[in-house]
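So the structure is just underneath, and the comments pick up after that.
The values are calculated or read from the model by the stated rules, or taken from the named source; none is laboratory data. What you see is a predicted model; the values in this text were computed from it and never measured. Cβ placement follows ideal geometry from the backbone for every residue including glycine, while neighbour counts extend to all protein chains displayed.
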Ligand code: SF4
């Protein structure tokens, strides 16, 4: 009985202490809130910017198992365009640190191979396309060859990429158009590219950005999902998303930005289970918490290349090797 009474007393005391602590916190919060309310809009803007600067210095920190970075407290409702631009650019800078070797993950050696590979990449993985295209280009190395190909033979090669009949029509059709309208060369202008069968703006920008060095924003499924999560735009139409994001960055950033965002979507910020607890840009993300926030559990959600790590290709070309001949350093290595 005595023991029970003592325990009861203790519990009451603990509850009281907890209440006091909560009350203290509330008072402190209220006081802080009052201070904020008393200040001018300019101060609010400064505070918003400060919030957006608490990202871990090294992107790898979040993945190494360090405590998850503190997320922003609330979605940036009413965020001014200036603050949004700063936040968006900061996210891109952080992603550039995490994915310094971001590049198109489709293998290609010339604009023709890139446009064909990009068309084939619809509804399948780049890895699958990379496993399929060597046989295709070995048999049909030029637009002339593919234009004159027997569709059934092309279908057989493209079967592993899915939708192989439609894709065969697209790649043979675009090859014919290249031969008939552009002298067998891939045109370097958006308005010409989008006229090719199976080529929309997304494919056209991939080709322009990576085969012609012309800045372009690639609004694929990852890009759409991520920029909405980051509240860069509320648009859902790809063309409008492209225009909204284009307004946040200088043209020279567009191509690399597209790679960074797409790589992040493939490796960390997945559609169904984003790995928020292992995400290096969590402090800048209004959607933090949409996925797993526990660092250990989140680490298990990271998607690595087969036997590798984010940023590593299966066979990294020379350009992606470091000075010692090793592949790009892994996220969270060390
Ligand atoms: S993983 Fe989570 S925190 Fe990171 S960008 Fe995606 S939603 Fe935001």
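So which residues in region 126-171 are more than 28 Å from residue 266 (Cβ to Cβ) and outside any helix (DSSP H, G or I), if there are any at all?
140, 141, 142, 148, 149, 150
Among (1) free of Cβ contacts under 8 Å to residues at least 60 places away in the same chain; (2) over 26 Å from residue 124 (Cα atoms), which single condition is residue 242 missing?
(2)
So, in region 260-285, exactly how many residues are more than 6 Å from the ligand (Cβ to nearest atom) and buried (at least 20 other Cβ atoms within 10 Å of the Cβ)? Walk me through it before giving the result.
Taking region 260-285 first, the residues more than 6 Å from the ligand (Cβ to nearest atom) are 260-267, 270-273, 277-278, 280, 283-284.
With the extra rule that they be buried (at least 20 other Cβ atoms within 10 Å of the Cβ), the set shrinks to 260-265, 267, 277-278, 280, 283-284.
Residues flagged as more than 6 Å from the ligand (Cβ to nearest atom) and buried (at least 20 other Cβ atoms within 10 Å of the Cβ) within region 260-285 amount to 12.
Table: residues versus (1) in a loop (DSSP other than H, G, I, E, B); (2) touching a strand residue (DSSP E or B) at 6+ places or on another chain (Cβ under 9 Å); (3) modelled with pLDDT of 85 or more; (4) surrounded by 19 or more Cβ atoms within 10 Å (Cβ to Cβ).
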| site | (1), (2), (3), (4) |
| --- | --- |
| 42 | no, no, no, no |
| 45 | no, no, no, no |
| 71 | yes, no, no, yes |
| 82 | no, no, yes, no |
| 115 | no, no, yes, yes |
| 119 | no, no, yes, yes |
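So, in region 286-303, of the ones that are assigned to a helix (DSSP H, G or I), in contact (Cβ under 8 Å) with a residue 60 or more places away in the chain and more than 9 Å from the ligand (Cβ to nearest atom), which residue ends up farthest from the chain's Cα centre (by Cα)? Don't jump to the end; show me each part of the working.
Kept after step one, since they are assigned to a helix (DSSP H, G or I), are these residues of region 286-303: 295-301.
Of the ones still in play, those that are also in contact (Cβ under 8 Å) with a residue 60 or more places away in the chain are 295-296, 298-299.
Pick out the ones that are also more than 9 Å from the ligand (Cβ to nearest atom) and you get 295-296, 299.
Working: 295: 20, 296: 21, 299: 17 Å.
Per the stated criteria, the residue is 296.
Residue 310 passes all but one of (1) at pLDDT below 90; (2) in a helix (DSSP H, G or I); which number fails?
(2)
Take the residues in region 217-258 that are in a helix (DSSP H, G or I) and over 19 Å from residue 200 (Cβ atoms), then tell me which one is nearest to the ligand (Cβ to nearest atom).
Step one: of region 217-258, the residues in a helix (DSSP H, G or I) are 221-229, 238-246, 251-258.
Retained after the next criterion (residues that are over 19 Å from residue 200 (Cβ atoms)): 226, 228-229, 251-253, 256-257.
Values: 226: 7, 228: 10, 229: 5, 251: 24, 252: 24, 253: 18, 256: 18, 257: 15 Å.
For region 217-258, the residue satisfying everything is 229.
Can you tell which of 244, 234, 177 is over 20 Å from residue 85 (Cβ atoms) and either buried (at least 22 other Cβ atoms within 10 Å of the Cβ) or touching a helix residue (DSSP H, G or I) at 6+ places or on another chain (Cβ under 9 Å) (or both)? Please lay out each step first, then the result.
Working: 244 fails: over 20 Å from residue 85 (Cβ atoms); 234 fails: over 20 Å from residue 85 (Cβ atoms).
Answer to the selection: 177.
Which residues, counting only those in region 189-204, are assigned to a loop (DSSP other than H, G, I, E, B) and in contact (Cβ under 8 Å) with a residue 60 or more places away in the chain? Spell out the reasoning first.
Just the residues of region 189-204 that are assigned to a loop (DSSP other than H, G, I, E, B), to begin with: 189, 194-200.
Answer for region 189-204, where residues must be assigned to a loop (DSSP other than H, G, I, E, B) and in contact (Cβ under 8 Å) with a residue 60 or more places away in the chain: 196, 198, 199.
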